[in-house]
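Please read the structure below before turning to the comments.
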Amino acid sequence: MQKNVQPIEHKTTLAHPSGQKVVPLHGQRTFDEEQQDLVQRLRQGDRTAAEALVERYHERIYVFMRSMGHDRQISEDLVQDTFMQAWRHIGQLREGRALAGWLFRIAANVSRLYWRRHRHADRVNIDDVELAQDEADTAQRAGDRELFAGLHQAVGRLPWKLRQAVVLHYMDQLTIAEAAQAAQVREGTLKSRLNRALEALRKEIAGQ
């Protein structure tokens, strides 16, 4: 599958002037509906749907691989492997809402298998990983960009499971449910790992 495809057009919504819940414009679909449609097309073997999947998630999976300590070339290779595995096993996916967690679970398995096969390979410092532009903008809008940059190095020193939890939830912006699915653990376990990771980060930052 190639990444050079046209991106899916994101549907606009109409916000009520009083600040009430945003309602999709007539004839336009919600994100969940688009995801479900994408999954159905993938399960039917639609190649254009496969291209849309790559276009939508390629950068996020790449950032995940880099954050897991892989260099640029290895990350690109593992991203391709992730999408190939997803294409082969798309029949296992039943609903669109689970797509992100399911895809990152494959990515996590691909990354874990690589490190098992290359136990003595050098891991890339997480400081060398560039955030996706939308994630950087989000952090900046929240006023946390400087703090996030300071934590970046400390995250790279976390044990693998804690680091994975932080990357999935905070950097790849998966929900707790999606991150737990990707890590193949219960939501409670994922939350526990996040709490342990944040406590470790607080101690390290306080000791600097």
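The values are calculated or read from the model by the stated rules, or taken from the named source; none is laboratory data. No experiment lies behind these values; they were computed from the predicted model shown. All Cβ positions, glycine included, derive from the backbone under ideal geometry; neighbour counts span all protein chains shown.
Could you tell me which residue of segment 47-93 is surrounded by the fewest Cβ atoms within 10 Å (Cβ to Cβ), considering only residues that are among the small types (Gly, Ala, Ser) and assigned to a helix (DSSP H, G or I)? Outline the logic, then answer.
Taking segment 47-93 first, the residues among the small types (Gly, Ala, Ser) are 49-50, 52, 67, 69, 75, 86, 91.
Among the residues that remain, those that are also assigned to a helix (DSSP H, G or I) are: 49-50, 52, 67, 75, 86, 91.
Details: 49: 20, 50: 21, 52: 20, 67: 24, 75: 23, 86: 25, 91: 8.
Ranking the qualifying residues of segment 47-93, first place goes to 91.
Which pairs do you get when a residue that is among the charged types (D, E, K, R), found in segment 30-51, comes within reach of a residue that is at pLDDT 85 or above and surrounded by 13 or more Cβ atoms within 10 Å (Cβ to Cβ), reach meaning Cβ atoms under 6 angstrom, with the pair 6+ apart or on two chains?
From residues that are among the charged types (D, E, K, R), the pairs are 41/49.
Yes or no: segment 24-35 includes at least one residue that is modelled with pLDDT of 90 or more and not assigned by TED's automatic domain parsing to the domain that holds residue 169.
Among the residues of segment 24-35, not one is modelled with pLDDT of 90 or more and not assigned by TED's automatic domain parsing to the domain that holds residue 169, which makes the answer no.
Could you tell me which of the residues 136, 200 is in a helix (DSSP H, G or I) and either at pLDDT 85 or above or in contact with a Leu (Cβ under 7 Å, 6 or more places away or on another chain) (or both)?
200
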